[in-house]
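The values are calculated or read from the model by the stated rules, or taken from the named source; none is laboratory data. Keep in mind that this is a model prediction, so the values were computed, not measured. Quick reminder, even Gly has a Cβ in these numbers, built from the backbone with ideal geometry, and neighbours come from all protein chains shown.
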Amino acid sequence: MNEFIKSLGVIVLLIGVLVLIGCMYAGAASNSALLLGLGLIIGGFLFHIFLNKKVE
């Protein structure tokens, strides 16, 4: 279970990347979708850092 929790930040980061890729291929580059992707990427990055410090 700890391995899943440790990789949860990376999973959130990859979901953000998929949102941005979906926007690119759909051609609908609205600001809300781009901000959602950016928020998921930054949140996943920070989540990954903090979880790896807490979970050992």
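Structure summary
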| quantity | calculated |
| --- | --- |
| Subset of segment 20-42 that is surrounded by 15 or more Cβ atoms within 10 Å (Cβ to Cβ) and within 8 Å of the chain's Cα centre (by Cα) - its residue that is modelled with the lowest pLDDT | G37 |
| Filter pass, V17 being of a type in the set (V, I, T) and either modelled with pLDDT of 85 or more or within 8 Å of the chain's Cα centre (by Cα) (or both) | yes |
| Pairs, first under 11 Å from L51 (Cβ atoms) in segment 1-23, second assigned to a loop (DSSP other than H, G, I, E, B) and among the aliphatic types (A, V, I, L, M), C-beta under 8 Å, six or more apart | N2/V55; I5/V55; K6/V55 |
